[in-house]
Amino acid sequence: MDKSEKMKSYIGSEDDKVYNTSEKWFVREKWAHYALIRRDKNKRKFIRLLTFTSIKAYDIIFLSKKGLIQTTETGYSPESIAFCEKNSERYTRIYNCLPGARGYQGTFEEFVGAGNIGFTDRAKKWFPFDVINLDFSGPMFRHEDNNTSKVMDAILKMFMIQEFTKQSFTLFLSVPAVKKWDDDTGRKQLSDCLDVNLASKETIKFKEAFEQKYPSKQINSYYQFLLVTVPKIIIKYGQSKNFDVDCLDRFTYIGENASTKMVSFIFDCEYKGLPDGYGGENPASILAKVYPDRVLKIITQEYIDINRFFEEQPEIKKKCIEYKKQVA
């Protein structure tokens with residue numbers, strides 16, 4: 001086995017540890033459910049998907065089997081599939097696995113032009129999307145002496161581009177809950193965002209629900225801290241670009257043979273821009289009215305601990321293990 005073959009074998013093995021787990025297949029089933037709803041909402045025959053994927057493109061193949069992806073005689077429609085991957089070896093393997101799909105070799109941040117004025121030419125050509133799957137393997141809140149993290153800059157830029165095209169969409173967002181990966185500045189900004197809602201009269205119900213759930217007024221585990229604060233940031237970013245963002249589902253899990261706790265979210269992002277003509281309610285007024293309910297839901301809605309759920313529902317776990325075996 002030569003060096004390149006060893007590298008491919010290593011990458012494939014590492015990929016399966018992260019992406020081919022029964023817990024991840026549970027999340028993919030949820031993705032398919034919500035992607036179907038978005039396809040119908042947007043009145044489309046197939047979804048336009050931007051994703052971070054594995055070298056075996058599990059998410060894309062799964063959504064394709066559900067009839068959500070447009071295929072061609074030779075592979076995939078470029079209008080239906082786009083992906084980002086910064087590692088050159090992984091990019092090549094994904095590109096070969098998805099003939100016809102649009103691929104960007106680089107980070108999502110580079111793809112959308114995070115930290116720069118305007119949009120990149122490629123983003124202008126490829127956006128909008130119906131479903132955006134940001135499946136991060138690194139930190140979201142590492143600032144490195146910037147005012148905001150590049151990842152969060154990219155997410156805000158994503159909302160800007162979707163707003164420019166007036167396109168409602170569904171966002172899947174996953175991130176490792178590793179406290180030391182995020183820096184002090186990032187964690188403080190998350191805490192500050194939480195404190196704003198705890199102090200505001202407009203979100204008094206959020207404060208009451210929070211203090212009932214956390215009597216010490218502190219969230220001790222980092223993954224639970226992210227489960228509360230990340231949706232608040234996404235709602236805030238979305239509303240700043242005229243989207244009504246509703247957190248539909250939240251999950252946490254540790255994949256088998258892994259040690260990293262993951263948190264995963266599903267957001268409904270409905271565009272509420274200015275109506276045609278001169279009439280109609282200002283979108284800012286509409287979004288201000290729904291904001292208290294959107295943030296309150298973050299506290300009142302239960303998240304799913306997939307590992308615990310599998311213990312309680314072994315038949316569901318069995319189904320997800322079968323998915324894993326089918327692609328092994």
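A simple charge model with +1 on the Cβ of Lys and Arg, -1 on the Cβ of Asp and Glu and nothing else charged puts the dipole of the chain at about 420 debye relative to its Cα centre. Each semi-axis of the equivalent ellipsoid for region 235-328 is √(5λ) with λ an eigenvalue of the Cα gyration tensor; in descending order they amount to 38, 15, 11 Å. Note on the chain: antiparallel DSSP beta bridges, both residues inside, total approximately 55 percent of the bridges counted. Taken about its Cα centre, region 252-322 carries a charge dipole of roughly 140 debye when the Cβ of each Lys and Arg holds +1 and the Cβ of each Asp and Glu holds -1. Excluding the site residues themselves, the longest part of the chain lacking any trypsin sites (Lys or Arg not before Pro) in a DSSP loop with at most 10 other Cβ atoms within 10 Å is 46-216.
Label zone of V178 (point 7 Å out along Cα→Cβ, amide N under 20 Å): in region 111-141 this covers 134-141.
What the pair-distance distribution of the chain shows, using all Cα-Cα distances binned every 20 Å from zero, is 30, 60, 10, 0 percent. For region 100-198, the solvent-accessible area of protein heavy atoms averages 44 Å² per residue (probe radius 1.4 Å; ligands and nucleic acids excluded). For region 21-38 versus region 151-215, the spacing of their alpha-carbon centroids is 22 Å. Rounded if a/c is under 1.5, else prolate if a/b is larger than b/c, else oblate: which is region 212-259, with a ≥ b ≥ c the root eigenvalues of its Cα gyration tensor? Oblate shape, in that a/c is at least 1.5 and b/c is the bigger or equal ratio. Summarised as an ellipsoid, region 112-190 has semi-axes of 24, 15, 10 Å, derived from the eigenvalues of the Cα gyration tensor scaled by 5 and square-rooted, with the largest first. Taken over the alpha carbons of region 145-276 as equal point scatterers, the Debye sum produces base-10 log I(q)/I(0) values at 0.11, 0.14, 0.22 Å⁻¹ of -0.44, -0.72, -1.46. Structural descriptor for the chain: relative contact order 17 percent, calculated from alpha carbon pairs under 8 angstrom and at least 6 residues apart. When the listed pairs K207/K289; K30/K232; K180/K232; K213/K236; K45/K241; K56/K166 are checked against a 25 Å cut-off, the alpha-carbon distance exceeds it for K45/K241; K56/K166. Long hydrophobic helices in the chain: the complete DSSP H runs spanning 15 Å or more by Cα along their own axis with mean Kyte-Doolittle hydropathy of at least 0.5 are 150-164, 222-240, 283-300. Taking all protein chains as present, what is the carbon and sulfur share of the accessible area of the chain, in % to the nearest whole number, probe 1.4 Å? Carbon and sulfur atoms account for 49 percent of the accessible area of the chain. Near E256, the amide H atoms lying under 5 Å from its own belong to S22, E23; only residues 5 or more places off or on other chains count, and H is placed 1.01 Å from N.
When a/c reaches 1.5 or more, the comparison of a/b and b/c decides; with that in mind, is region 29-124 rounded, prolate or oblate per its Cα gyration tensor? Note, shape of region 29-124 comes out oblate.
The values are calculated or read from the model by the stated rules, or taken from the named source; none is laboratory data. Since this is a predicted model, take the numbers as computed values, not measurements. Virtual Cβ from ideal backbone geometry, glycine too; neighbours counted across all protein chains shown. The area values use the complete protein model at the heavy-atom level, side chains included, leaving out ligands, DNA and RNA. Shrake-Rupley method; radii C 1.70, N 1.55, O 1.52, S 1.80 Å.
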